[in-house]
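The values are calculated or read from the model by the stated rules, or taken from the named source; none is laboratory data. Since the structure is predicted, the reported quantities are computational estimates derived from the model, not experimental observations. All Cβ positions, glycine included, derive from the backbone under ideal geometry; neighbour counts span all protein chains shown. Quick note on the areas: whole protein, heavy atoms, side chains included, nothing else; ligands and nucleic acids left out. Shrake-Rupley method; radii C 1.70, N 1.55, O 1.52, S 1.80 Å.
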Amino acid sequence: MAYPLQLGFQDATSPIMEELLNFHDHTLMIMFLISTLVLYIISLMLSTKLTHTSTMDAQEVETVWTILPAIILILIALPSLRILYMMDEINNPLLTVKTMGHQWYWSYEYTDYEDLNFDSYMIPTSDLKPGELRLLEVDNRVVLPMEMPIRMLISSEDVLHSWTVPSLGLKTDAIPGRLNQATLTSSRPGLYYGQCSEICGSNHSFMPIVLELVPLKHFEDWSTSML
């Protein structure tokens with residue numbers, strides 16, 4: 001999860017988030033190079049009194065500054081489209097979890113099990129135990145198996161919500177009357193925190209998300225104990 005004064009993203013937990021981080025670094029480097037070149041040219045123009053009038057009207061210069069930005073945009077667009085299609089791909093999920101947003105809590109239903117569903121409320125600050133995180137802990141965590149493709153079906157009962165877990169690269173709107181889907185695969189076990197990222201009302205900031213990714217054997221034990 002994030003820590004105080006953090007400037008970058010959270011550590012990637014899924015292959016999709018790793019691709020997003022690589023794309024972010026790729027785009028940021030292009031922006032840095034462009035900004036450096038523009039700053040250098042501006043400084044040269046301000047620090048010299050020499051002007052080459054024939055260069056300013058040259059057809060070759062106009063050709064270069066038209067084609068070069070187009071190439072740069074292609075270098076940004078192609079990786080972006082690749083990741084976009086990867087995020088939309090649902091490849092034989094082994095588990096499906098339905099998530100419903102309410103004012104202001106989440107409810108979860110494991111559709112592959114007959115009667116495995118629960119509500120997830122934020123734990124009030126006065127009830128927190130030592131070591132628990134304020135405004136992020138919930139009474140019922142979403143336990144999922146790691147290293148398995150999992151499909152999340154996301155909707156809402158009342159207003160717009162947004163189911164977001166940054167370290168997994170997930171952000172899907174929960175819209176009343178519409179069922180959106182997302183896929184996640186965790187490469188390592190752990191606790192992963194998120195929050196509703198849609199301004200859904202007065203208690204918008206009090207409906208956190210906690211995913212507990214565990215090995216398959218532990219998930220089977222947990223699901224058995226919940227039934």
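Quick notes
- Between residue 58 and residue 71, full extension at 0.36 nm per residue minus the direct alpha carbon distance yields a gain of 2.6 nm.
- Rough spin-label spacing in nm, given labels placed 7 Å along Cα→Cβ, for residue 47 and residue 148: 6.2
- Relative contact order of segment 132-227, taken over Cα pairs closer than 8 Å and 6 or more residues apart, is 35 percent.
- Each 10 Å bin from zero up to the one holding the largest Cα-Cα distance in the chain carries the following percent of pairs: 7, 25, 28, 16, 10, 8, 5, 1, 0.
- Calculated FRET efficiency for the pair residue 178/residue 129, C-beta based, R₀ 41 Å, to 0.05: 0.65
- Rg to Rh, two decimals, where segment 77-201 supplies the alpha carbon set and Rh follows Kirkwood: 0.97
- Sorted largest first, extent of segment 166-223 alpha carbons per principal axis (Å): 39, 23, 22
- Relative contact order (%) - the chain, alpha-carbon pairs under 8 angstrom, separation at least six: 21
- Carbon plus sulfur fraction of accessible area for segment 15-88, probe 1.4 Å, in percent: 75
- For residue 98, the lysines whose Cα comes closer than 17 Å to its Cα, not counting residues fewer than 8 places off in the same chain, are 171.
- Looking at segment 55-129, the chymotrypsin sites (Phe, Trp or Tyr not before Pro) that sit in a DSSP loop and have at most 15 other Cβ atoms within 10 Å of their own Cβ are 113.
- Accessible area per residue for segment 95-226 is 47 Å², calculated with a 1.4 Å probe on protein heavy atoms, without ligands, DNA or RNA.
- Fully extended contour minus Cα-Cα distance, from residue 83 to residue 28, at 0.36 nm per residue: 18.2 nm
- For 212, 109, the ranking by accessible surface with the largest value first comes to 109, 212, using a 1.4 Å probe.
- Size descriptors for segment 15-88, from the alpha-carbon set: Rg then Dmax equal 17.5, 55 Å.
- Loop sites in segment 1-94: GluC sites (Glu not before Pro), DSSP, at most 14 other Cβ within 10 Å: 89
- Mean residue ellipticity (222 nm) of the chain, computed from DSSP H runs ≥ 4 via -39,500 (n - 2.57), nearest 500: -12000 deg cm²/dmol
- Bridge type composition, the chain - antiparallel percent by DSSP, nearest 5: 70
- Computing FRET efficiency as 1/(1 + (r/R0)^6) for residue 2 and residue 216, where r is the C-beta to C-beta distance and R0 is 35 Å, gives about 0.80.
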